[in-house]
1. What residue, among those in the stretch 16-60 that are open to solvent by 60 Å² or more (accessible area, probe 1.4 Å) and part of a loop (DSSP other than H, G, I, E, B), is nearest to residue 266 (Cα to Cα)?
2. Test residue 252 against the stated conditions and say whether it is without any contact (Cβ under 8 Å) to a residue 24 or more places away in the chain, farther than 19 Å from residue 100 by Cβ and either open to solvent by less than 20 Å² (accessible area, probe 1.4 Å) or charged (D, E, K, R) (or both).
3. Which residues, taken from the stretch 210-240, are open to solvent by less than 60 Å² (accessible area, probe 1.4 Å) and touching a helix residue (DSSP H, G or I) at 6+ places or on another chain (Cβ under 6 Å)?
4. Checking the conditions here, which among 165, 207 is open to solvent by 60 Å² or more (accessible area, probe 1.4 Å) and touching a residue at least 24 places away in the same chain (Cβ under 8 Å)?
5. Which residues, counting only those in the stretch 362-373, are in a helix (DSSP H, G or I) and crowded, with 21+ Cβ neighbours inside 10 Å?
6. For the stretch 152-162, which positions are out of contact with any Phe, Trp or Tyr (no Cβ under 6 Å at 6 or more places or on another chain) and surrounded by fewer than 21 Cβ atoms within 10 Å (Cβ to Cβ)?
Amino acid sequence: MPSDRSFPFEFAVTPRFDVFYALYTVTNSAPTPLDPWKERALLRLPKDFERVASRVAPAPLFWPLLADALQGTPGEIAFEEILSTLREMPAEELKANILSGIFHDSATVQTLVTGKKSLRQVLTNERLPEGELLTHFGLRPYVESSHATKAMVALLSDTKSFRDELALVLERFWQTGFRRDWSTLEPSLRADSFRMRDLREEQSVEELARELKLPVTLDEKARELHPKSGPSVSYDQIDRCYILPSAFNTRRWWAKYETKAQRVSLYFPIARETTAANRIVEDDWPHGESSSRSQSAINAESVFRALGDTTRYAIASILARTPTTSAELARSLKVSKPTITHHVQALRAAGLIAETPAGGSTRLSLSRETVGALSGAAVEQLFSSTGDLPLLTTRKRRSR
């Protein structure tokens, strides 16, 4: 049964959650499925990284909460946009976004943001809704000198400094190795996203939720989404439901954010293969944007899918002739900046983008090396006698 096209599924590939989940992994002392990756990641980090990071996230569980700071930015965003969004975010908005992930009660969040009650008054209120969650964050029992309490006080009293330090920690983590990890993983995540879109064409909403092992149940008859805890969500309340392939969401976290129109946006980072990051080795890392890519390093399927979209083909044609910034592309094609970002991300994940710093911006160009090696890669991969054949959805379409 084909999926209900009225259900607002959207598919995207972005580090907006995975960078925070990866930080949870490297700061968590408990065993995880990603321990081999964690061991290598810890060796890359500066000696003072843990001390600086603990000021914004005193416990590992704070990292998934800090991802909520971006809840007002919809859909697929690149890491550079994560940093710029955080650094430009108004202090009141940052406080409200992060606190909403901790307290799950809008009245309590507003009380703290406006200063009507102190953090101590809120945390010692035994009738606080869902207050039992605070023990997991180290906020209960209330101890004024605890690291968790100090972090919350810093967020409330000196939000700009807290914001700047959070952005600094993310930037250092990215620059000291996670950027290369993400670049290595992104092509396979992008290919997985394409496969998920194919599944959507073939299956009902309920079947798709089961196939992707979403941590919720979709009830087509009642037209409701049922989480494992908390109230159900009517389909009519859902503005967007983003499905994001993930390499680090081993805990199967998901997010629900209220929009300005009193509706909700849902984010489901899906880790279909929970140990993919363990297989990253240094030889897999890109050693410079202009270096030649071997045929085996090119995913021909991702390249063909990326260029199969007319807008992306137009972008590739422009970049093949003249190095251009994203802003210039948006003006040339008369489309929005988020649209350009989405298409450039797909081209970048396929290895088709080379980037060159130019003053305060970055100029994009089409990778001649990738295009030149594509023919050989396609022959190698199409005529290979090993590997999986992605024929399932094609057969279903033909039978229909």
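The values are calculated or read from the model by the stated rules, or taken from the named source; none is laboratory data. Note that the coordinates shown come from a computational prediction; the quantities given were computed from them, not determined experimentally. Counting neighbours? That spans all protein chains shown, and the Cβs are built from the backbone with ideal geometry, glycine included. Quick note on the areas: whole protein, heavy atoms, side chains included, nothing else; ligands and nucleic acids left out. Shrake-Rupley method; radii C 1.70, N 1.55, O 1.52, S 1.80 Å.
1. Checked the stretch 16-60; the qualifying residue nearest to residue 266 (Cα to Cα) is 33.
2. On the way: without any contact (Cβ under 8 Å) to a residue 24 or more places away in the chain: no; farther than 19 Å from residue 100 by Cβ: yes; either open to solvent by less than 20 Å² (accessible area, probe 1.4 Å) or charged (D, E, K, R) (or both): yes.
No, not satisfied.
3. 218, 220
4. Details: 165 fails: open to solvent by 60 Å² or more (accessible area, probe 1.4 Å).
Answer to the check: 207.
5. Pass one, the stretch 362-373, residues in a helix (DSSP H, G or I): 368-373.
The answer is 373, and nothing else.
6. Step one: of the stretch 152-162, the residues out of contact with any Phe, Trp or Tyr (no Cβ under 6 Å at 6 or more places or on another chain) are 152-153, 156-162.
Of everything in the stretch 152-162, those that are out of contact with any Phe, Trp or Tyr (no Cβ under 6 Å at 6 or more places or on another chain) and surrounded by fewer than 21 Cβ atoms within 10 Å (Cβ to Cβ) turn out to be 153, 156, 157, 158, 159, 160, 161.
Yes/no per residue for (1) closer than 16 Å to residue 68 by Cα; (2) open to solvent by less than 10 Å² (accessible area, probe 1.4 Å):
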| residue | (1), (2) |
| --- | --- |
| 242 | yes, no |
| 246 | no, yes |
| 260 | yes, no |
| 266 | yes, yes |
| 272 | no, no |
| 277 | no, yes |
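Residues checked against (1) buried (at least 16 other Cβ atoms within 10 Å of the Cβ); (2) out of contact with any Phe, Trp or Tyr (no Cβ under 8 Å at 6 or more places or on another chain); (3) closer than 25 Å to residue 16 by Cα; (4) at pLDDT 90 or above:
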position	(1), (2), (3), (4)
300	yes, yes, no, no
303	yes, yes, yes, no
311	no, yes, yes, yes
329	yes, yes, yes, yes
342	yes, yes, yes, no
348	yes, yes, yes, no
354	yes, yes, yes, no
